[in-house]
Each structure stands twice: as structure tokens, then as C-alpha cells.
1. Quick one: give the max-minus-min coordinate of the C-alpha atoms of region 95-148 along each principal axis, largest first, in Å.
2. What does the charge dipole of the chain about its Cα centre add up to, to the nearest 20 debye, if the Cβ of each Lys and Arg holds +1 and the Cβ of each Asp and Glu holds -1?
3. Round to the nearest 0.05 the FRET efficiency obtained for Asp196 and Asn164 when R0 = 22 Å and r is the Cβ-Cβ distance.
4. Cross-link partners among lysines for Lys28, C-alpha distance below 29 Å, same-chain residues fewer than 8 apart left out?
5. Scan (i) 73; (ii) 48; (iii) 44 for the value of percent of Cα pairs over 22 Å apart calculated from this model and give just the label.
6. Cα atoms only: what Rg and Dmax, in Å, come out for region 1-40?
7. If you roll a 1.4 Å probe over the heavy atoms of the protein chains, what accessible area per residue do you get for the chain, in Å²?
8. Once both labels are modelled 7 Å past Cα along the beta-carbon direction, what's the Thr21-Glu33 spacing in nm?
Amino acid sequence: MFKNFICLEGIDGSGKSTQITALENLFKSKGFEVLKIREPGGTEISENVRDILLNPAHKGKMNNITELLLYNAARSQLIHEVIKPALEKGVAVLADRFAYSTLAYQGYGRGLDIGMIKNLLSITCGDYFPNKTFILDLPVSLSRKRQAGDGARSGQDRIELEKNEFFERVAEGYRTIAKENPESCVLLNAVSPQEDIFKLLVSHLDGSLVPCS
């Protein structure tokens, strides 16, 4: 586990991008070189996998195990090509989703075996796992409302086309993950004002904002 590898998790509309941008500005003000990443994606190979995973034309066609393996294939490439070199150089890595997304979406959402997924994540991530994960907890109804009001969106991807019941399971999965990993996960109320969320987020960084020598 690396000191300045921070992840934001949560269902769509929870404010991950806003908080990551604020974190990026904070880390830069403390003298860090910062790398922002999103999952799936971040490399040529991973972006191609992303296109396959999120393509609405694949709705109802993609097997759940295929989905699970593709997410981890994209993640493996991202770690090898981007995350590992950055962390080893002391760069602060800020991730919009990482391994806990797989537990939440493919484990709790799809109903795949949690133990199997944890074993796969261990193989995929190895030592390259966030030292702190902030899970932004948002009601599914508000998630849908925020997405509908986002004029920058150009339509729903394959995952976003799932029914509300799926996202309820995902959201509850995230809460379970936070409860089971109190040493590395912080559950934050994403209904709160963005400024309040950020202040609380920073208070949980445990001295991370110290540049590596």
C-alpha cells in the first residue's frame, strides 16, 4: 500500500469528480506532482476495454464473468503502465474508482461471489491499492436526478441503463465495504454541501499531505 494513493468511490452523481479536482488542487499546493486517473481507462488498452464494457449495444449480451474479467484486465494494464511508475516516483495518485468498484458493482450489484472477486483483486492489484478510499454515499433517487440534470451527458452507457434495484444493491454494497474496512475506507454523506464533504475528507487524510523525500 502506498501513502499517497487516494480513491473516490460511489454511484454516479455522488460528486467524485468535484472532490478529486479539489484534492488535486490541495495536493499541488503542498508541492506534489499529481496524477488523476479514472476507471476503467487511463491507457490505450484500458480505454479500448472501457469502450467494450460501457457500450450500450452490449446490454443484455455481456456475461457477468466476462464483465468482471474485463474490468480487472483494464485495471491490470493501468497499474502496470501508469499507477506503478507514478507511485514509485512519489507522485500522488487520485483515482476516480478502483478495486472497490468491482466489489460493489460486480459483487453486490451482480451477485457474483465476493470471495472469488477478492481473490481476483488480490491478483490484479498486488501491492498497488489505495491507502485511503472515500465512499460518497448517495440515495439512488438523487443519483438519477443529478444525472438527468447533467447537460454534459450524451446518453446512458451500458451500466447506467441498469434498473434502480441494481444501484440500490451497489450502494448498499459500498456501505458494507466501508463497514468492513474501517482502517482504509471512509463513508461520506454525498447529500451534504460539497465544501463540507471536502473538509471532512481532508480531515481523514492522516498526514498524507507530506511530500516524499
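1. 37, 25, 14
2. On the way: 26 positive and 27 negative charges, 30 e Å.
In total the dipole reaches around 140 debye.
3. On the way: r = 27 Å, r/R0 = 1.22.
Taking R0 as 22 Å, the efficiency between Asp196 and Asn164 is 0.25.
4. Within the straight-line limit of under 29 Å, Lys28 reaches these lysines: Lys3, Lys16, Lys36, Lys84, Lys89, Lys132, Lys199.
5. Looking at percent of Cα pairs over 22 Å apart for this model, the match is (ii).
6. Radius of gyration, then largest Cα-Cα span, for region 1-40: 10.9, 31 Å.
7. Counting only protein heavy atoms, the per-residue value for the chain is 48 Å².
8. The modelled label-to-label distance comes out at 2.5 nm.
The values are calculated or read from the model by the stated rules, or taken from the named source; none is laboratory data. Keep in mind it's a predicted model, so treat the numbers as computed, not measured. Glycine gets a Cβ as well: all are built from the backbone with ideal geometry, and neighbour counts include every protein chain shown. For the accessible areas, the whole protein counts, side chains as well, though only heavy atoms, and no ligand, DNA or RNA atoms are used. Shrake-Rupley method; radii C 1.70, N 1.55, O 1.52, S 1.80 Å.
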